[in-house]
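Single-structure report; data block below.
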Amino acid sequence: MSMLDLIKIFIGLCLIWFGWQFADPYWNKYWLTKEIEKAATYGTKKDVDQVRGLLSDAFANYGIQKTGQDCYVYKDERNFVSIKCEYDAKVEVFDNLLHTYRMKIEVAKKEEFNKFF
């Protein structure tokens, strides 16, 4: 392997790493949406304050400086739960802020009954 080949590999790896920095916020949004869906499903059976606690835990797990109180959580008399959250996802490379994504997550769940039990 020549020095030129090593430089090409290094540049390729740097480009992949740099690209991942911009894709990572969307990856985290996908998994955070799954956590919020779980909280909404839980909310169909439980209290709104407990849902806000689950949301706070989910945000903390993903390093987002929000709490469940920062989200809109609505539950009606038919146990339909709607959750809307917004947060900023920052792309930083070597402590330099390159871009800030404004992420919005909206989830709605209704109570489901198991007909087999």
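Each reported figure results from applying straightforward, stated rules to the coordinates on display, with no laboratory input. This one's a predicted model, so the numbers in the text were calculated from it and none came from an experiment. As a convention, Cβ positions derive from the backbone with ideal geometry for all residues, glycine included, and neighbour counts pool all protein chains shown.
What the table below lists for this structure:
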item	result
Hull volume in cubic angstrom per residue (convex hull over the Cα atoms of the stretch 23-110)	77
Relative contact order of the chain, pairs being alpha-carbon contacts under 8 Å that are 6 or more residues apart, as %	23
Per-residue Cβ neighbour rank within 10 angstrom, fewest leading, Thr41, Thr67	Thr67, Thr41
Phi to ³J(HN,Hα) by Karplus 6.51 cos²θ - 1.76 cosθ + 1.60 over the stretch 88-104, Hz, x for Gly, Pro	9, 10, 9, 9, 10, 10, 6, 6, 10, 6, 9, 7, 10, 8, 9, 8, 10
Distance in nm between pseudo-label sites at Asp88 and Gln65 (7 Å out along the Cβ direction from Cα)	0.8
Equivalent-ellipsoid semi-axes of the stretch 1-62, from the Cα gyration tensor, Å, largest first	44, 9, 7
Taking Leu6, Leu54, Leu32 and counting other C-beta atoms within 10 Å, the order from fewest to most	Leu6, Leu54, Leu32
Subset of Lys90/Lys110; Lys66/Lys90; Lys8/Lys90; Lys38/Lys75; Lys66/Lys104; Lys34/Lys104 violating a 23 Å alpha-carbon distance limit	Lys90/Lys110; Lys8/Lys90
Segment Tyr26-Arg102, extension gain: residue separation times 0.36 nm, minus the distance between their alpha carbons	26.3 nm
Between the stretch 1-42 and the stretch 47-64, the alpha-carbon center distance in angstrom	24
Least to most buried among Lys66, Lys45, Lys115 (fewest other Cβ within 10 Å first)	Lys115, Lys45, Lys66
